[in-house]
Every structure is written in C-alpha cells, then in structure tokens.
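Take a look at the structure set out below.
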Amino acid sequence: SPRPFLRCASGPRTIPWRPDFEQALADGRNSGKPVLTYLYTDTCTYCKEMEATTFKDPLLVEEMRDDYVWVKLNAETDPMGAQLREQFSVSSYPTIVVTDYDGSEIDRLNGYIQASDFKQRIELFVASTDTFKGLQQRLEAEPDSLPTHVSLGEKYLERGRLFTAAKHFVQVIVSDPENLQG
C-alpha cells in the first residue's frame, strides 16, 4: 500500500519584515492590523542584539508575527527610513514606532527590549488609551483635562518636541497655577 504523504516541516518561522512603509500601510488598511516599524542603524549595537535575540525569539515570532504588519528600515541609509526618522522625531536606536494603517503614531518603544517585555508593551499600546495617539484623542474629547495635558506633554518631551510639550505644560500652569489638582 502507498505510504501516506508526510509534509516536511519548514524551517523556523521568522518575522516577515517588509522594506516598504507605504505598502505596509496599505496592507495594514486591508487587514486592519497595526504597523510596527523598526528603525535601526548599522552602528547600533543594541539593534544587532535585538535582532539576534528579541526578533528571533520563537515564542514572540509565533505569537506576534501574524498580528501586525512588520517594517524594517535603516534610519540612515534608507531614504524612507530617514524620512520616518524625521517625521517621528527619532533620535535613539533601536526604535519601534507603532502606527495605525493611516500612518499616525500610536506609540513607540525605544532601546533594547527583551522578547517578553516587547510583546507585553506592544499589546498594551494596541489596547490602551494612554498611548500617544490615545492621549491625543482624549484631549480632543476633553480639551480641559489637565492630567491629559500633562501626560501628552510628557509624550512630546520624550520625542524631543519641546515646543509642543511646553504648550501642554503651560496650559496646565495657566489653568491651575497653584497646582490644586496635583
């Protein structure tokens, strides 16, 4: 009798990195998935370590690879990487910018992050309203919310956008000069 067909197992699954941010946004729009853009440089030792450990972690790959659209761009040598570095005010590497399919930043991770922390933090970004984007939306709905102004000011400060951060902090100082709301 013929032997049953046995399919050979393919090699280990990996993160399906894409080199095209615009195409990734289109794929995110079609699939409803957030876009994770990994910005790195050739001289960044933490980038190399993250690629060797975090992005190769089998559990992270299995649990996350199909839930996001993944983009990998060199922030110095790739023209789109350089454009995104400027657009998102990235000044340290590695940086993972999480965006909606429209390209608006949800939030970001800076520096080396282990696989378990990476997965947890990305999932929090997608589910939380305390993200960069969530705080912007909350402020649109409640423009007088001083805690939201403070939190959003801190997010802008992290991005090196000092003037915008200062506007939020000034709003708090003007609205509550004696800090009665703490």
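The values are calculated or read from the model by the stated rules, or taken from the named source; none is laboratory data. In this text, all values refer to a predicted model and were calculated from it rather than measured experimentally. Don't worry about glycine lacking a Cβ; one is built from the backbone with ideal geometry, like all the others, and counts go over all protein chains shown. Heads up: the accessible areas ignore ligands, DNA and RNA and are worked out on the full protein's heavy atoms, side chains in. Shrake-Rupley method; radii C 1.70, N 1.55, O 1.52, S 1.80 Å.
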Let's see if you can work this out: charge +1 on each Lys and Arg Cβ, -1 on each Asp and Glu Cβ, no other charges. What is the dipole magnitude of the chain about its Cα centre, in debye to the nearest 20?
680 debye
By per-residue mean of other Cβ atoms within 10 Å, what is the highest-first order of 90-97, 172-179?
90-97, 172-179
Rounded to the nearest 0.05, what FRET efficiency do Asp67 and Thr43 give with R0 = 30 Å and r taken as the Cβ-Cβ distance? Could you check?
0.45
Could you tally the net charge around Val150, taking each other residue with its Cβ under 14 Å from the Cβ of Val150, Lys/Arg +1 and Asp/Glu -1?
-3
If one compares the long axis through the Cα atoms of helix 132-141 with the longest principal axis of the Cα atoms of the chain, the angle in degrees, nearest 10, works out at 40 degrees
Ignoring ligands, DNA and RNA, what percent of the accessible area of the chain is carbon or sulfur (1.4 Å)?
52 percent
Compare Phe88, Phe169 by solvent-accessible area with a 1.4 Å probe and give them largest first, with all protein chains kept in place.
Phe169, Phe88
Listed residue (Ala115, Leu152, Gln137) projecting farthest to the positive dipole end of the stretch 75-182, Cβ model
Ala115
Scoring only Lys, Arg, Asp and Glu (+1, +1, -1, -1) among other residues with Cβ under 14 Å from the Cβ of Arg159 yields +1
Label of the coordinate-derived value, mean projected area of the Cα convex hull in nm², listed as (1) 12.1; (2) 14.0; (3) 15.3
(2)
Tell me what the chain gives for mean residue ellipticity at 222 nm when only DSSP H runs of n ≥ 4 count, each as -39,500 (n - 2.57), the sum divided by the residue total, rounded to 500 deg cm²/dmol.
-14000 deg cm²/dmol
Whenever you get a sec, line up Asp107, Asp100 from highest to lowest accessible area (probe 1.4 Å, protein heavy atoms).
Asp100, Asp107
In nm, give the distance between the simple-model label positions of Val174 and Asp144, each being 7 Å from the Cα along the Cα-to-Cβ direction.
1.5 nm
What is the extension gain from Glu76 to Ser104, computed as 0.36 nm multiplied by their sequence separation minus the C-alpha to C-alpha distance, in nm to one decimal?
7.9 nm
Using Cα pairs under 8 angstrom and six or more residues apart, how large is the relative contact order of the chain, in percent?
20 percent
Formal net charge of residues neighbouring Phe118 (Cβ-Cβ distance under 14 Å; K, R +1; D, E -1)
-4
List, in the order given, every pair from Lys33/Lys167; Lys33/Lys72; Lys72/Lys119; Lys33/Lys155; Lys72/Lys133; Lys56/Lys133 whose Cα-Cα distance in the structure shown is over 25 Å.
Lys33/Lys167; Lys56/Lys133
Measuring with a 1.4 Å probe in the full set of protein chains, what accessible area per residue, in whole Å², belongs to the stretch 76-182?
56 Å²
